[in-house]
Amino acid sequence: MKKMSDKLINRGILRMLDELDAKSFQEASVLVTGGAGFIGSWLCDVLVKAGANVTCLDNFSTGLKENIKHLLNEKGFRLIKQDIESLDNTVGKFDFILHLASRASPEDHQQHPIETLRGNSLGSFKVIEQALKSNATILFTSTSEIYGDAQVVPTPESYWGNVNPTGPRSGYDEGKRFAEALFTAYHKEHGLDTRILRVFNSYGPRLRADGIYGRAISRFILQALQNHPITIYGDGTQSRCFCYITDTVLAILKALANKEAEGEVLNIGNTGEIKILQLAETIRKLTGSKSKIVFQPLPPEDPRRRCPDINKAKRLLNWQPKVPLEEGLNKTIQWFKLKLKNKTEV
């Protein structure tokens with residue numbers, strides 16, 4: 001079963017390599033912080049396949065060893081188990097740095113707000129220092145969360161946000177907003193080659209579904225496959241846009257390699273808005289599940305709508321999402337089925 005699961009991911013990696021100018025990363029030295037996480041592990045996979053020398057830094061607070069253990073014996077891969085705040089010069093010199101290290105699940109970062117803030121503030125200082133010493137190009141994965149409960153939808157990069165700085169989501173939201181300001185300041189004052197990507201909801205194989213790490217799609221799929229009640233927070237009329245992992249990772253690597261993206265802020269996400277209740281019903285249909293849909297109280301300050309304006313990414317990166325929602329959901333469902341049969345942590 002594991003080989004079938006690997007094949008599903010490998011097909012996605014190969015499709016991305018077909019669309020990338022892989023020569024940009026051949027023999028390049030790349031640091032990926034949070035490299036054992038959902039998006040980070042896919043980036044490590046693609047970069048190793050592209051011929052880069054990849055250093056993955058992760059403290060495994062939310063990342064999984066399972067995501068990168070197949071790379072441990074690869075010549076171009078190195079794993080460092082370490083907090084981002086402890087990063088120092090001993091890790092080496094890099095051509096590119098991808099800074100993803102952060103708790104991202106809402107339930108998780110709300111339980112660990114100080115650690116989340118420290119990672120995006122002190123941790124960001126550390127990777128910036130490393131980038132300056134290495135003269136590296138550095139990309140920061142920010143988030144759609146910096147827009148808060150947006151009053152402009154679809155939301156462009158020019159929107160300043162509607163965020164409560166002391167609310168339950170502030171540890172993540174304000175940590176990311178501070179990091180954006182920090183990267184921008186170093187770009188202006190020191191000429192650091194930066195890119196900031198505001199990544200909207202992404203999904204696909206390796207998205208955790210367990211406990212507080214579960215997101216809507218992974219949680220719904222796991223519940224549906226096990227015929228457990230599918231839990232919706234609120235009445236399900238709130239909406240989100242979901243981008244399949246290969247589209248997200250391709251955008252990140254295109255932005256990293258594109259010289260015109262220096263100093264830019266870009267939204268990365270799908271524009272197909274869907275209500276959460278409709279999402280749950282779609283997953284129930286695709287899995288053939290008999291699960292009932294149950295409703296629980298909506299968490300405080302949960303945004304009602306979230307949808308990106310991606311015209312800037314289309315123009316600058318020649319990128320837009322290609323995987324339709326049902327196709328991406330079917331691939332994700334297939335992966336979860338294989339993991340459940342193999343009794344592997346999800």
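Just so you know, all these numbers are worked out from the coordinates, no wet-lab data involved. Everything numeric here is computed off the predicted structure, so don't read it as measured data. Quick reminder, even Gly has a Cβ in these numbers, built from the backbone with ideal geometry, and neighbours come from all protein chains shown.
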* Volume per residue of the C-alpha convex hull in the stretch 18-119, rounded to whole Å³ -> 102 Å³
* Structure fact -> Going fewest to most other Cβ atoms within 10 Å around each Cβ, 337, 343 line up as 343, 337
* **Where trypsin sites (Lys or Arg not before Pro) fall in DSSP loop in the stretch 27-129, at most 15 other Cβ within 10 Å** => 75, 93
* To do: Would you mind calculating the gained length between residue 65 and residue 24 on full extension (0.36 nm times residue separation, minus the Cα-Cα distance), in nm to one decimal?
  => 12.0 nm
* Inter-site label distance for residue 160 and residue 114 at 7 Å from Cα along Cβ, in nm -> 3.2 nm
* To do: Could you state, as a whole-number percent, how many of the C-alpha pairs of the chain are farther apart than 40 Å?
  => 7 percent
* Taking Cα pairs under 8 Å and at least six residues apart, what relative contact order does the chain come out at, in percent? -> 18 percent
* Structure fact -> Its Cα gyration tensor gives the stretch 216-294 an equivalent ellipsoid whose semi-axes in whole Å, largest first, are 33, 13, 9
* Å³ per residue of the Cα convex hull, for the stretch 226-346? -> 136 Å³
* To do: Please figure out what share of the DSSP beta bridges in the chain is antiparallel and state it in percent, rounded to the nearest 5.
  => 10 percent
* Run the quick spin-label model on residue 233 and residue 121: label points 7 Å from Cα toward the beta carbon, then report their separation in nm to one decimal. => 2.4 nm
* Structure fact -> Normalised Cα Rg of the stretch 117-203, dividing by 2.2 N^0.38 Å with N its residue count, works out at 1.12
* To do: Work out which GluC sites (Glu not before Pro) in the chain are exposed loop sites (DSSP not H, G, I, E or B, at most 12 other Cβ within 10 Å) and give the longest gap free of them.
  => 28-344
* **Debye equation applied to the C-alpha atoms of the stretch 194-234, log10 I(q)/I(0) at 0.28, 0.31 Å⁻¹** => -1.02, -1.14
* Structure fact -> Treating only Lys and Arg (+1) and Asp and Glu (-1) as charged, each at its beta carbon, one finds that the chain has a dipole about its Cα centre, in Debye to the nearest 20, of 1320 debye
* To do: Of the options 121, 137, 92, report the single residue whose Cα projects farthest towards the positive end of the charge dipole of the stretch 24-175 (beta-carbon charges: Lys, Arg +1; Asp, Glu -1).
  => 92
* Structure fact -> Of the listed pairs 254/312; 69/331; 7/312, those with alpha carbons more than 24 Å apart are 7/312
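Please state the charge dipole magnitude for the stretch 1-146, taken about the Cα centre, from unit charges on C-beta atoms (+1 on K and R, -1 on D and E), reported in debye and rounded to the nearest 20.
The dipole of the stretch 1-146 has a size of about 500 debye.
Expressed in nm to one decimal, what extension gain is obtained for the pair residue 281 and residue 93 from 0.36 nm per residue of sequence separation less their Cα-Cα distance? Display every interim value, and only then the final one.
Details: separation 188, 0.36 × 188 = 67.68 nm, distance 4.86 nm.
Length gained between residue 281 and residue 93: 62.8 nm.
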